[in-house]
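The values are calculated or read from the model by the stated rules, or taken from the named source; none is laboratory data. Computed from a predicted model, the values in this text were never measured in an experiment. Don't worry about glycine lacking a Cβ; one is built from the backbone with ideal geometry, like all the others, and counts go over all protein chains shown. Just so you know, the surface numbers come from the protein's heavy atoms only, side chains and all, with ligands and any DNA or RNA stripped out. Shrake-Rupley method; radii C 1.70, N 1.55, O 1.52, S 1.80 Å.
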Amino acid sequence: DAKTTQPPSMDCAEGRAANLPCNHSTISGNEYVYWYRQIHSQGPQYIIHGLKNNETNEMASLIITEDRKSSTLILPHATLRDTAVYYCIVTPPGSARQLTFGSGTQLTVLP
Amino acid sequence: DAMVIQNPRYQVTQFGKPVTLSCSQTLNHNVMYWYQQKSSQAPKLLFHYYDKDFNNEADTPDNFQSRRPNTSFCFLDIRSPGLGDAAMYLCATSRAGVAGELFFGEGSRLTVL
């Protein structure tokens, strides 16, 4: 699986957009980009995933660069409850999704 | 309603005393996973079941075993817990063949005295 690089921590003001970057320069053509987050003492929670096109759901938007070597997760209006560790994971499709978690980004939303 | 349920949420055991953690799911997913997450670290995959087929990660110690008696339940057995096995154990499920999400439980936190 391709390796990802994320900043270890970021701060964001409540109500503002949080933009979390992820570098995955060794991504292969068939590998998806997944984002999960983990609020303290809870299990990881799926946020969004994409292959080539930008994606949006009720939680966030995912912007993937044209060369697919990096992506950005956007939380449009961050709230205090969005404080969590955010994991960017790149993995090929297959019958069983075995996610390899990197170190992630600790996002702290400030009041 | 919770779809992946782990029990117990907190488990305290003594050094060397076997412990079993359970996971149940209401999603009818055919893939179930066990992850270990130590303090301030990312989750690490121990093994997974694809239906009844067991798939062990190469670096998972023999001390860790798993059972899946049916689609809904999966167990993690730690035969002789050491102090280094203190961690959060996370169960997850997914539907095979779908490039989508894994559903995680809330985890079982194991303390070894």
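Given Cβ point charges of +1 (Lys, Arg) and -1 (Asp, Glu) and nothing else, what value in debye, to the nearest 20, does the dipole of chain A about its Cα centre take?
Details: 8 positive and 9 negative charges, 29 e Å.
Taking the Cα centre of chain A as origin, the dipole is about 140 debye.
Scan region B:73-113 for chymotrypsin sites (Phe, Trp or Tyr not before Pro) in coil per DSSP, keeping those whose Cβ has at most 11 other Cβ atoms within 10 Å, and list them by number.
Values: sites: B:PHE73, B:PHE75, B:TYR89, B:PHE103, B:PHE104; in loops: none.
Hits after loop and neighbour filter: nothing returned.
Provide the buried accessible surface between chains B and A in square angstrom, both chains summed, 1.4 Å probe, rounded to the nearest 100.
Details: alone 6420 and 6270 Å², together 11050 Å².
Approximately 1600 Å², summed over both chains.
Kindly report the accessible area of chain A per residue (heavy atoms of protein chains, probe 1.4 Å, no ligands, DNA or RNA), in Å².
Values: 5440 Å² over 111 residues.
That works out to 49 Å² for each residue.
Quick one: accessible area per residue over chain B, 1.4 Å probe, rounded to a whole number of Å²? Walk me through the intermediate numbers first.
Values: 5600 Å² over 113 residues.
Heavy-atom SASA per residue in chain B reads 50 Å².
Find the eigenvalues of the gyration tensor of the Cα atoms of chain A, then list the square roots of 5 times those eigenvalues as equivalent ellipsoid semi-axes, largest first, in whole angstrom.
Values: eigenvalues 102, 43, 30 Å².
Working through the eigenvalues yields semi-axes of 23, 15, 12 Å.
Can you give me the P(r) profile for chain B? Cα pairs, bins 10 angstrom wide beginning at 0, each as a whole percent.
15, 50, 30, 5, 0
Sequence neighbours fewer than 8 away in the same chain don't count; with that in mind, list the aspartates and glutamates whose C-alpha is under 17 Å from A:LYS3.
Straight-line reach from A:LYS3, under 17 Å: A:GLU31, A:ASP67.
Tell me, what HN-Hα J-couplings in whole Hz come from the Karplus equation 6.51 cos²θ - 1.76 cosθ + 1.60 at θ = phi - 60° for each residue of region B:19-29, using x for Gly and Pro?
9, 10, 10, 10, 9, 10, 9, 10, 8, 6, 7
How would region B:1-41 be classified by its alpha-carbon gyration tensor: rounded, prolate or oblate, with rounded meaning a/c under 1.5 and the a/b versus b/c comparison settling the rest?
Details: a/c = 2.16, a/b = 1.74, b/c = 1.24.
Here region B:1-41 falls in the prolate category.
What is the gain in length, in nm to one decimal, between B:ASP62 and B:PHE15 on full extension, counting 0.36 nm per residue of separation less the C-alpha to C-alpha distance? Provide the component values of the computation, followed by the final result.
Values: separation 47, 0.36 × 47 = 16.92 nm, distance 1.63 nm.
Roughly 15.3 nm would be gained on extension.
Evaluate Rg over Rh across the protein assembly as shown, taking Cα atoms for both radii and Kirkwood's formula for Rh. Walk me through the numbers before you get to the answer.
Values: Rg = 17.7 Å, Rh = 18.1 Å.
Expressed as Rg/Rh, it is 0.98.
I need the chymotrypsin sites (Phe, Trp or Tyr not before Pro) found in region B:1-65, filtered to DSSP loop residues with at most 12 other beta carbons within 10 Å of theirs. Present the calculation step by step, with values, prior to reporting the outcome.
Values: sites: B:TYR10, B:PHE15, B:TYR33, B:TRP34, B:TYR35, B:PHE47, B:TYR49, B:TYR50, B:PHE54, B:PHE64; in loops: B:PHE15.
For chymotrypsin sites (Phe, Trp or Tyr not before Pro) across region B:1-65 that sit outside H, G, I, E and B with at most 12 neighbouring Cβ atoms in 10 Å, the list reads B:PHE15.
When you have a sec, figure out the Kirkwood radius of region B:27-80 from all distinct Cα pair distances and drop it here in Å to one decimal?
Numbers: mean 1/r = 0.0844 Å⁻¹.
Value: 11.8 Å, from the Cα pair sum.
In the protein assembly as shown, what percent of the accessible surface is made up of carbon and sulfur (1.4 Å probe, ligands and nucleic acids excluded)? Please report the intermediate quantities before stating the final value.
Values: 5370 of 11050 Å².
Answer for the protein assembly as shown is 49 percent, counting heavy atoms of protein chains only.
With every protein chain kept in the model, how would you rank A:HIS40, A:HIS49 by accessible area, 1.4 Å probe, largest at the top? Show your work: numbers first, answer last.
Numbers: A:HIS40 155, A:HIS49 45 Å².
The ordering from most to least exposed comes out as A:HIS40, A:HIS49.
Take every Cα pair under 8 Å in chain A that's 6+ residues apart, average their separations, divide by the length, and report that relative contact order as a whole percent. The partial results should precede the final answer.
Values: 277 pairs, mean separation 41.8, N = 111.
Once divided by the residue count of chain A, the mean separation gives 38 percent.
At B:PHE54 and B:SER40, where each label point lies 7 Å from the Cα along Cα→Cβ, what is the point-to-point distance in nanometres?
About 3.5 nm, to one decimal.
Name the GluC sites (Glu not before Pro) in region A:30-111 that are in a loop by DSSP and that have at most 12 other C-beta atoms within 10 Å, would you? If you can, show how the numbers build up before the last one.
Numbers: sites: A:GLU31, A:GLU55, A:GLU58, A:GLU66; in loops: A:GLU31, A:GLU58, A:GLU66.
For GluC sites (Glu not before Pro) across region A:30-111 that sit outside H, G, I, E and B with at most 12 neighbouring Cβ atoms in 10 Å, the list reads A:GLU58, A:GLU66.
With a 4.7 Å Cβ cut-off, tell me which Cys residues in chain A come up empty for a partner.
Cys with no partner Cβ under 4.7 Å: A:CYS12.
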